[in-house]
Amino acid sequence: MAIDYSDARRVSQKVDPDGYDATRYMQQDQDATWLFEDLNGGRAAGNVYSTREKIAKAMGIKREDIVRHVMESMESPEAPEVTDSPAFKECELPLDLTKLPIVKYFPEDAGRYISAGIVVSEYNGRRNVSFHRMLIRGKDEIGIRLVPRHTFTLFNEAKKNGEDLKIAICIGAPVEAMVSAALSVDFGLDELTIASSMYRKGHGAPLKVAKCANGLTVPADCEYVIEARITSATAPEGPFVDIAGTYDEIRDQPVVKVDRIWSKKDPVFQILLPGGFEHFLLMGVPREPVIFRTVRQAVPKVRNVRLTEGGCCWLNGVVSISKNREGDGVNAIMAAFTGHPSMKSVIIVDEDIDIFDDREVEWAVATRMQADKIIKIPGAGGSSLDPSAHGTTWKVGYDATLPLGADRAPFTKAVVPPKD
């Protein structure tokens, strides 16, 4: 479905792509969607999915249902529907990335970056969809950050055979495709089938996809699609601000050569504020169903899971459960860390606590537990995105659940009944 910008804050004056103005606007109010009507001669939007409410609305569901919605789609993938008339093929643009509404976000960034693009790659019949930050190196050249996961594996297979890896960079893709691109699934599982299942559950029809000129299949309803190849050439990439809001290091990374640029007739280029709320959610929301599923294996009655915005939706989490036996809180802590190894702190609460309300979660910790219910795990593997970690990390779990069978009256907030 096309993104609705009717409630967006519009910036009509010219925005300098190298002057950090887009960043200033987006940081001013991260809950709001910003539509820049003249950014390097084009239109761009930021903070598009910067709240759970906006993600849920775009998916056609309720906020509290996101975790189950994604998890059920992972368990029942569905082939997308192929169309011969995709929205992104309405225009073929001149081959010049420097003319697109792409910005430099922070002063020490290496340059302008594509930060909200999902990359579709395929080799030997295996398709992968994933997020990568991409540095604009020239009119038809990009530096791409590849971590050692699925795209990296396909790239190495192609390089071993003396070939470039064909890719399609999709900007302004449906939210289901963006969330699926951030999932950690088995190698060879096509993320577009998960996105299609998600799309049907929310909108009543499978996701539509279409072929690019280079043969790759991508979501049909994208604002832009850039056809390109990851080559064996390398160049320095970075620094760039990562999820913790700190600059990442410079690395030698592959160079991408661009072959073709497609767009809708009046496209909006999606930009994503590094280290901002939207960055948090698009990384963290896809991890929550995995945590849910792992905790459910240890504690059957799991109500919901949330990676908190205060923890970058990556390092800190909250899980609500209904205990069957004493010790379920501890088991939930251990299972949650297994489900998301990058997490360093998790709070387990009872099912009556609203995990989307930070004050309520802190109230549960303050009123329902003592320090002897804190579990500390030293020397564990953690996240490379945590600037405080040094090779390994300490993990901390808080069991803020009440003892099984305890009288809940002293631990329940007083309420005033509604008038008749």
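The values are calculated or read from the model by the stated rules, or taken from the named source; none is laboratory data. Since we're looking at a predicted model, the values are computed, not measured. Cβ: placed from backbone, ideal geometry, glycine included. Neighbour counts: every protein chain shown. Heavy atoms of the whole protein, side chains included, go into the accessibility calculation; ligands, DNA and RNA do not. Shrake-Rupley method; radii C 1.70, N 1.55, O 1.52, S 1.80 Å.
Miscellaneous remarks
- Taking the listed residues 359, 368, the one that is exposed (fewer than 10 other Cβ atoms within 10 Å of the Cβ) and within 24 Å of residue 291 (Cβ to Cβ) is 359, with no other qualifying.
- Residues that are in a loop (DSSP other than H, G, I, E, B), in contact with a strand residue (DSSP E or B) (Cβ under 9 Å, 6 or more places away or on another chain) and open to solvent by 70 Å² or more (accessible area, probe 1.4 Å) within region 26-42 are absent altogether.
- Any hit, region 205-222, residues being of a type outside the set (A, V, I, L, M), buried (at least 21 other Cβ atoms within 10 Å of the Cβ) and either in contact with a Gly (Cβ under 6 Å, 6 or more places away or on another chain) or modelled with pLDDT under 95 (or both): yes
- Every pair of residues 6+ apart whose Cβ atoms lie under 6 Å, when the first sits in region 396-420 and is more than 17 Å from residue 361 (Cα to Cα) while the second is open to solvent by less than 100 Å² (accessible area, probe 1.4 Å) and at pLDDT 85 or above: 404/323
- In region 121-139, the condition of being among the small types (Gly, Ala, Ser), touching a residue at least 40 places away in the same chain (Cβ under 8 Å) and part of a loop (DSSP other than H, G, I, E, B) is met by no residue.
- Residue within region 375-397 that is open to solvent by 80 Å² or more (accessible area, probe 1.4 Å), aliphatic (A, V, I, L, M) and under 18 Å from residue 287 (Cβ atoms) present: no
- Applying the set (1) open to solvent by 10 Å² or more (accessible area, probe 1.4 Å); (2) among the β-branched types (Val, Ile, Thr); (3) in contact with a strand residue (DSSP E or B) (Cβ under 8 Å, 6 or more places away or on another chain) to residue 129 leaves exactly one unmet item: (1).
- Every residue from region 80-118 that is hydrophobic (A, V, I, L, M, F, W, C) and either within 18 Å of residue 196 (Cβ to Cβ) or without any contact (Cβ under 8 Å) to a residue 24 or more places away in the chain (or both): 82, 87, 88, 118
- Among the residues of region 283-314, those identified as under 20 Å from residue 115 (Cβ atoms) and either out of contact with any Cys (no Cβ under 9 Å at 6 or more places or on another chain) or open to solvent by 10 Å² or more (accessible area, probe 1.4 Å) (or both) are 283, 286, 287, 309, 312, 313, 314.
- Residues of region 282-309 that turn out to be hydrophobic (A, V, I, L, M, F, W, C), without any contact (Cβ under 8 Å) to a residue 60 or more places away in the chain and under 18 Å from residue 73 (Cβ atoms), as a count: 2
- Condition broken by residue 193, with the remaining ones in (1) in contact with a strand residue (DSSP E or B) (Cβ under 8 Å, 6 or more places away or on another chain); (2) open to solvent by 10 Å² or more (accessible area, probe 1.4 Å) satisfied: (1)
- Filtering region 66-112 to residues that are under 21 Å from the mean Cα position of the chain (by Cα) and open to solvent by 60 Å² or more (accessible area, probe 1.4 Å) leaves 68, 72, 75, 77.
- Taking (1) within 22 Å of residue 251 (Cα to Cα); (2) touching a helix residue (DSSP H, G or I) at 6+ places or on another chain (Cβ under 9 Å); (3) β-branched (Val, Ile, Thr); (4) surrounded by fewer than 22 Cβ atoms within 10 Å (Cβ to Cβ) in turn, residue 118 satisfies each apart from (4).
- Against the conditions (1) touching a residue at least 60 places away in the same chain (Cβ under 8 Å); (2) over 22 Å from the mean Cα position of the chain (by Cα), residue 383 satisfies every one except (2).
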